[in-house]
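Visitor: This is the structure I want to talk about, given as structure tokens.
The values are calculated or read from the model by the stated rules, or taken from the named source; none is laboratory data. Nothing here was measured: the structure is a model prediction, and the numbers come from that model. Glycine also receives a Cβ, built like all others from the backbone with ideal geometry; neighbour counts cover every protein chain displayed. For accessibility, only protein heavy atoms count, side chains too; no ligands or nucleic acids. Shrake-Rupley method; radii C 1.70, N 1.55, O 1.52, S 1.80 Å.
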Amino acid sequence: MAFAEGFRPQSEAIQAARREATAMGVAAMSPGSATMLTTIAKMIAAKAVVEIGTGMGVTGLALFEGMDAQGVLTSVDSEHEVQAAARRAFSASQIPNRRFRLIAGQALDVLPKLSDGAYDLVLINGDQLEFGEYVAQALRLLRHGGVVVINHALWANKVADPDNQEDETIVIREALSAIQEIEEFTAALSPVGDGLVIAVKD
């Protein structure tokens, strides 16, 4: 797993954002998962991306590395400090302000206001207790051929343990089942990082 995590070196910008996340006690997406995110964004030439959970800018920077040069990231988070850190990280990387919208608010209040079928990629990386609702929103927001990525799909290997009945574990398990049951999605689960589910909308 260590080999997979270090397969592609992280940019200095992402490393700096990761260091700030560590200093503030905020969990950052693993290097391997961030690399996957960059690769997916590049594969689909993503121009319009929604990120649920700003994550100090680590995931946003990973997305920008793969997105179309004119692509726009809409990132939703309820924590102002987290979004301020992401803004600093984006500015330090000379990403123009016009290329990102940082929306401070509860995801389930913000997402319904975004346009149907208007997005190429949706990253679910927010409150685990709301993952099921996020999946439903992603289905609505994505264009045909768009991709939803769910971080923490393994939740420290708790999801695969049928005896674990913690609230977060149950909700994540239900969200993964929903992805499997939605006919419009073709999905795969990668064990990189804390687990990534990648699903393409038919």
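Visitor: In the stretch 86-97, how many are open to solvent by 60 Å² or more (accessible area, probe 1.4 Å), without any contact (Cβ under 8 Å) to a residue 60 or more places away in the chain and farther than 13 Å from residue 55 by Cα?
Guide: 3
Quick grid of which residues meet (1) assigned to a helix (DSSP H, G or I); (2) modelled with pLDDT of 95 or more; (3) open to solvent by less than 50 Å² (accessible area, probe 1.4 Å); (4) in contact with a Phe, Trp or Tyr (Cβ under 7 Å, 6 or more places away or on another chain):
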| residue | (1), (2), (3), (4) |
| --- | --- |
| 3 | yes, no, no, no |
| 7 | no, no, no, no |
| 15 | yes, no, no, no |
| 21 | yes, no, yes, no |
| 28 | no, no, yes, no |
| 36 | yes, yes, no, no |
| 41 | yes, yes, yes, no |
| 45 | no, yes, no, no |
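Visitor: Here's another thing I want to ask about it. With the condition kept exactly as written, say whether any residue in the stretch 124-135 is touching a residue at least 24 places away in the same chain (Cβ under 8 Å), touching a Pro at 6+ places or on another chain (Cβ under 7 Å) and not hydroxyl-bearing (Ser, Thr, Tyr).
Guide: Residues of the stretch 124-135 that are touching a residue at least 24 places away in the same chain (Cβ under 8 Å), as a first pass: 124-135.
Filter again for touching a Pro at 6+ places or on another chain (Cβ under 7 Å), leaving none.
Scanning the stretch 124-135, I find no residue that is touching a residue at least 24 places away in the same chain (Cβ under 8 Å), touching a Pro at 6+ places or on another chain (Cβ under 7 Å) and not hydroxyl-bearing (Ser, Thr, Tyr), so the answer is no.
Visitor: Residue 73 versus (1) closer than 25 Å to residue 117 by Cα; (2) surrounded by fewer than 24 Cβ atoms within 10 Å (Cβ to Cβ): which is the lone unmet condition?
Guide: (2)
Visitor: Now for a separate question. Quickly run through the stretch 133-148 and pick out the residues that are open to solvent by 10 Å² or more (accessible area, probe 1.4 Å), touching an Asp or Glu at 6+ places or on another chain (Cβ under 9 Å) and assigned to a helix (DSSP H, G or I). I'd like the intermediate steps shown before the answer.
Guide: Step one: of the stretch 133-148, the residues open to solvent by 10 Å² or more (accessible area, probe 1.4 Å) are 133, 136-137, 139-140, 143-145.
Next, from what is left, pick out any that are touching an Asp or Glu at 6+ places or on another chain (Cβ under 9 Å): 139-140, 143-145.
If the condition is that a residue be open to solvent by 10 Å² or more (accessible area, probe 1.4 Å), touching an Asp or Glu at 6+ places or on another chain (Cβ under 9 Å) and assigned to a helix (DSSP H, G or I), then 139, 140 are the ones that fit.
Visitor: Could you give every pair whose Cβ atoms fall below 7 Å, whose first residue belongs to the stretch 48-77 and is in a helix (DSSP H, G or I), and whose second residue is among the basic types (Lys, Arg) and surrounded by fewer than 24 Cβ atoms within 10 Å (Cβ to Cβ), counting only separations of at least 6 or pairs across chains?
Guide: Hits for this filter: 58/18; 66/42.
Visitor: Moving to a separate point now. Counting only residues that are within 16 Å of residue 132 (Cβ to Cβ) and either β-branched (Val, Ile, Thr) or without any contact (Cβ under 8 Å) to a residue 24 or more places away in the chain (or both), how many does the stretch 150-161 have? Talk me through it step by step, then tell me what you get.
Guide: Quick first cut of the stretch 150-161, residues within 16 Å of residue 132 (Cβ to Cβ) only: 150-153, 155, 159.
Now narrow it down to the ones that are either β-branched (Val, Ile, Thr) or without any contact (Cβ under 8 Å) to a residue 24 or more places away in the chain (or both): 150, 159.
The total comes to 2.
Visitor: Right, something else. Considering each of 27, 86, 34, 17 in turn, give the residue that is more than 20 Å from residue 194 (Cα to Cα) and small (Gly, Ala, Ser).
Guide: Details: 27 fails: more than 20 Å from residue 194 (Cα to Cα); 34 fails: more than 20 Å from residue 194 (Cα to Cα); 17 fails: more than 20 Å from residue 194 (Cα to Cα).
Selected residue: 86, the only one of 27, 86, 34, 17 that is more than 20 Å from residue 194 (Cα to Cα) and small (Gly, Ala, Ser).
Visitor: Next up: With over 16 Å from residue 54 (Cα atoms) and not aromatic (Phe, Trp, Tyr) as the only criterion, which of 180, 128 stands out? Working first, answer last.
Guide: Numbers: 128 fails: over 16 Å from residue 54 (Cα atoms).
Answer to the selection: 180.
Visitor: Considering only residues of the stretch 162-173 that are free of Cβ contacts under 8 Å to residues at least 12 places away in the same chain and open to solvent by less than 60 Å² (accessible area, probe 1.4 Å), which is farthest from residue 125 (Cα to Cα)? It would help to see each step written out before you state the result.
Guide: Kept after step one, since they are free of Cβ contacts under 8 Å to residues at least 12 places away in the same chain, are these residues of the stretch 162-173: 162-166, 170.
From what is left, the residues that are open to solvent by less than 60 Å² (accessible area, probe 1.4 Å) are 164, 170.
Working: 164: 21, 170: 16 Å.
Applying the filter and picking the extreme gives 164.
Visitor: Answer yes if at least one residue in the stretch 149-160 is of a type in the set (S, T, N, Q), in a helix (DSSP H, G or I) and over 30 Å from residue 69 (Cβ atoms), and no otherwise. Before the answer, list the steps.
Guide: First pass over the stretch 149-160, keeping only residues of a type in the set (S, T, N, Q): 151, 157.
Keeping just the survivors that are in a helix (DSSP H, G or I) gives none.
Among the residues of the stretch 149-160, not one is of a type in the set (S, T, N, Q), in a helix (DSSP H, G or I) and over 30 Å from residue 69 (Cβ atoms), which makes the answer no.
Visitor: May I pose another question? I'd like to check something: does the stretch 98-108 contain any residue that is part of a strand (DSSP E or B), open to solvent by 60 Å² or more (accessible area, probe 1.4 Å) and free of Cβ contacts under 8 Å to residues at least 60 places away in the same chain? Outline the logic, then answer.
Guide: At the first step, the residues of the stretch 98-108 found to be part of a strand (DSSP E or B) are 100-104.
Keeping just the survivors that are open to solvent by 60 Å² or more (accessible area, probe 1.4 Å) gives 101.
Keeping just the survivors that are free of Cβ contacts under 8 Å to residues at least 60 places away in the same chain gives 101.
Yes, there is a match, as at least one residue in the stretch 98-108 is part of a strand (DSSP E or B), open to solvent by 60 Å² or more (accessible area, probe 1.4 Å) and free of Cβ contacts under 8 Å to residues at least 60 places away in the same chain.
Visitor: Residues being closer than 18 Å to residue 142 by Cβ and not charged (D, E, K, R): count how many of those fall in the stretch 65-102. Working first, answer last.
Guide: Kept after step one, since they are closer than 18 Å to residue 142 by Cβ, are these residues of the stretch 65-102: 66-68, 71-76, 101.
Add one more test, that the residue is not charged (D, E, K, R), and what stays is 66-67, 71-76.
Within the stretch 65-102, residues that are closer than 18 Å to residue 142 by Cβ and not charged (D, E, K, R) number 8.
Visitor: If I go through the stretch 183-193 residue by residue, how many of them are buried (at least 18 other Cβ atoms within 10 Å of the Cβ) and assigned to a loop (DSSP other than H, G, I, E, B)?
Guide: Summing the residues that are buried (at least 18 other Cβ atoms within 10 Å of the Cβ) and assigned to a loop (DSSP other than H, G, I, E, B) in the stretch 183-193 gives 2.
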